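The structure appears right after this line, and notes come after that.
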Amino acid sequence: MRYMKLLGLEMMVFAIGAAVLFGQGNQEAANLTREGIEASKAKDWDKAIAAFKRAAQLDEHYAPNLASALQQRASVYVSQQKFQEAIADYSEALKVKSNDPEIFERRAYAEMQLKDYDKALHDYNEAIKLSPEEPKYYQVRALIYQTKGDFKAALADTEKVLKVDPNNQDAQQRKRFLEAKLHGTPTPPPMPSGPIPNPNVRPPATATVTPATKP
């Protein structure tokens with residue numbers, strides 16, 4: 001995904017930003033941030049989050065580090081199939097970055113694994129409000145609607161995807177399936193059993209923490 005491709009750049013920005021950051025502002029918060037950075041490098045997310053949380057309480061400009069670390073720990077929980085723990089971390093991250101549609105999508109992924117489709121649908125609704133031109137959100141929301149049996153809503157979302165990406169094979173196949181369901185044409189293939197996957201969400205390969213900067 002995009003954030004994985006920018007990993008090297010983020011690390012460079014992190015190194016430059018940290019040098020500036022530690023030389024200004026609340027010294028205790030800066031020290032805690034340094035502690036959190038070292039813990040994150042060791043992938044000790046519990047320690048990193050504790051340090052970033054204390055730093056953010058002292059100076060709100062350090063809060064983005066907390067949101068980043070929470071998402072990293074959540075991705076570890078997802079890889080361990082600890083979905084409730086992941087949802088809790090994503091929820092905490094949203095308290096810091098409530099306007100980030102990607103966090104809503106990642107939380108929805110964990111909710112989908114627990115078959116909590118109503119909550120996943122809510123999170124996709126929020127993601128779409130924040131980024132209404134992003135077709136991948138409509139694509140997975142269509143899948144949720146389909147799973148819930150709301151074929152009309154699923155078809156509407158699928159058609160939105162096809163307007164942006166007419167060659168999207170998944171959307172083309174889903175449209176045929178939904179039209180068959182709605183219009184009573186020959187029975188289409190059955191829907192897969194078990195929790196539905198989210199093709200847009202993958203745990204990051206490595207962890208990074210982006211430092212906060214003073215305005």
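The values are calculated or read from the model by the stated rules, or taken from the named source; none is laboratory data. What you are looking at is a predicted structure, and each value in this text was computed from that prediction instead of being measured. Here the Cβ is made from the backbone with ideal geometry for all residues, glycine too, and neighbour counts use every protein chain on show. The area values use the complete protein model at the heavy-atom level, side chains included, leaving out ligands, DNA and RNA. Shrake-Rupley method; radii C 1.70, N 1.55, O 1.52, S 1.80 Å.
Just checking, which of A48, A63, A56 is buried (at least 24 other Cβ atoms within 10 Å of the Cβ) and in contact (Cβ under 8 Å) with a residue 24 or more places away in the chain? Please lay out each step first, then the result.
Values: A63 fails: buried (at least 24 other Cβ atoms within 10 Å of the Cβ); A56 fails: buried (at least 24 other Cβ atoms within 10 Å of the Cβ).
When all the criteria are applied, what remains is A48.
Scanning the range 72-107 for residues that are of a type in the set (S, T, Y) and surrounded by fewer than 18 Cβ atoms within 10 Å (Cβ to Cβ), we see that the one that is modelled with the highest pLDDT is S91.
Residues in the range 108-154 that are closer than 16 Å to Y90 by Cα, aromatic (F, W, Y) and open to solvent by 30 Å² or more (accessible area, probe 1.4 Å): Y109 only.
Cβ-Cβ distances below 7 Å connect the following pairs, each with a first residue in the range 111-133 that is in contact (Cβ under 8 Å) with a residue 24 or more places away in the chain, a second residue that is small (G, A, S), and a separation of six or more residues or different chains: E111/A120; M112/A120; A120/A108. Can we say E38 is part of a helix (DSSP H, G or I) and open to solvent by 80 Å² or more (accessible area, probe 1.4 Å)? Yes, satisfied. Filtered by the rule that a residue be surrounded by fewer than 13 Cβ atoms within 10 Å (Cβ to Cβ) and either modelled with pLDDT under 70 or in contact with a Phe, Trp or Tyr (Cβ under 7 Å, 6 or more places away or on another chain) (or both), the range 166-202 gives L182, T185, P186, T187, P189, P190, M191, P192, S193, G194, P199.
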